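Here is the structure we will look at.
The values are calculated or read from the model by the stated rules, or taken from the named source; none is laboratory data. Remember, it's a predicted structure, so these values are computed and weren't measured experimentally. Virtual Cβ from ideal backbone geometry, glycine too; neighbours counted across all protein chains shown. Surface accessibility is based on the protein's heavy atoms, side chains included, excluding ligands, DNA and RNA. Shrake-Rupley method; radii C 1.70, N 1.55, O 1.52, S 1.80 Å.
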Amino acid sequence: MTKFTSDRLLLFGATGDLSRRMLLPSLCALDAEGLLDPKIEIIATARSDLDDQGFRNFARESLEQFLPANRRGGMATFLNRLRYQPLDANQPEGFEALASKVGTPQEGLSIFLSTAPSLFEPTIRGLAQSGLAGERVRIGLEKPLGIDLASSKVINDAVSAAFPEERIYRIDHYLGKETVQNLLALRFANLMFEPLWNAAHIDHVQITVSETVGLESRVGYYDDSGALRDMVQNHMLQLLALVAMEPPVSYDATNVRDEKVKVLRSLRPVKTGETVTGQYRAGAIGGQAVPGYDDELGKDSDTETFVAIKAHIDNWRWQGVPFYLRTGKRLPRRTTEIIVQFRPVPHSIFPGRSAKMAPNRLVIGIQPSENITLSLMAKVPGLDRDGVALRAIPLEISMADAFAGPQRRIAYERLLLDLIEGDQTLFVRRDEVEAQWEWIDAIRAGWEEQQLEPKTYTAGSWGPSAAIALAERDGVTWHE
């Protein structure tokens, strides 16, 4: 298929929370920097009964609230690009009016579908029947893409009936984050790391995604999902795949995603004893009292808000190296980090009690701050009668300081631009999604078989004590 840049962008769910907070600010920022083609038109659609000017007013309010003032240059020009067509996806006749509003794209059409999963099938069917699924149309799909492997296949089959795989862009917004993309640069643009990036030199890997928030506005979705489906199935497994993948032949969509799939297919089935689930009870975050999960939900629930997993990748590079995954809500701080713990030096040449050795550790901070820290051993200045005094010191790179010029971007800026221009490298392929769900479904099946119930933990703590024990029985301490 010939690669093309779209001259029209169609946003579904355009009055929703994602659009207000992420999509409209991202598009406005791209426009302000001249990264959008001056000819591109943006057509928005949702159930809200608005006209063009009504939606522009909505967009202006969203931009003033969620986009920093120094990134709103040319906002008036951006707002003039916007047009709006109301649509109820369950009423097929509405798609004819939408198609009329969109018109026939001369260069191509990109569609961003951010709707409830129940609307995927009628929306795809409506697009196909109204002529909005032609050869020069591509579609971006926002998660969740199902609640298990079976439901994921139903959604993917529905999309595939109208769009071939090369025109489907499944979105995981973590892949749009600068530091996540920097994982590939760190590994494959620096000769010093690749010879050490294997079981012979790495003791274990930790991946933590912690949140301080509770349910917020996601009550219905989250209670049906839980931490395993909400975080581990997509974001955390994508991070794991990027850490563990083999060097691709080149940085393009096919080669990068081929290597990620190999990792996901190499994941060993997890035993129930290698997982810990938890649910927060009332506590305090930042000195402020917060309610427990059941209190926020308004009913009793056995949905997990915390998961810790000890995972293994059964291939040549990673045999015997545990990957510890941890995610949860109402934890002490908001952070996403990858910790690569190297093995100890096999023999210390330094005598004395002060020569305490610590293994090297690489910490990749993804959010809220983007930084890379490498812990190295160094001699403490001065004289010591007991021998050579050693201490671990950090070599730290702050992305904000190292690249002081560029603004910190919203992850969706990269993804929306790639959708418009037709680059699938940072999007998730169907076989990736299905490999992820297959692994996750097996974990959930084990929980159900063992009738596992979440252990309680106090909001503001780092989860159930069993999660600490999961790592410490291997002599590993979670990085906090």
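Within region 397-434, the set of residues being closer than 29 Å to residue 259 by Cα and either among the polar types (S, T, N, Q) or in a strand (DSSP E or B) (or both) comprises 397, 398, 424, 425, 428. State whether one or more residues within region 303-312 are surrounded by fewer than 21 Cβ atoms within 10 Å (Cβ to Cβ), touching a residue at least 60 places away in the same chain (Cβ under 8 Å) and farther than 30 Å from residue 185 by Cα. Yes, region 303-312 has at least one match. For residues in region 101-126 being closer than 16 Å to residue 7 by Cα and part of a helix (DSSP H, G or I), which is least open to solvent (accessible area, probe 1.4 Å)? Checking each candidate, the answer is 102. Please tell me if residue 429 is over 29 Å from residue 27 (Cβ atoms) and among the charged types (D, E, K, R). No. Here residue 144 fulfils each of the conditions (1) in contact with an Asp or Glu (Cβ under 9 Å, 6 or more places away or on another chain); (2) modelled with pLDDT of 95 or more apart from (2). Screening 133, 200 for residues that are surrounded by fewer than 21 Cβ atoms within 10 Å (Cβ to Cβ) and among the aliphatic types (A, V, I, L, M) leaves exactly one candidate, 200.
Taking region 225-275 as the range and being of a type outside the set (Val, Ile, Thr), open to solvent by 40 Å² or more (accessible area, probe 1.4 Å) and either more than 24 Å from residue 335 (Cα to Cα) or free of Cβ contacts under 8 Å to residues at least 40 places away in the same chain (or both) as the test, the residues that pass are 246, 247, 250, 251, 252, 258, 262, 265, 268, 269, 271, 273.
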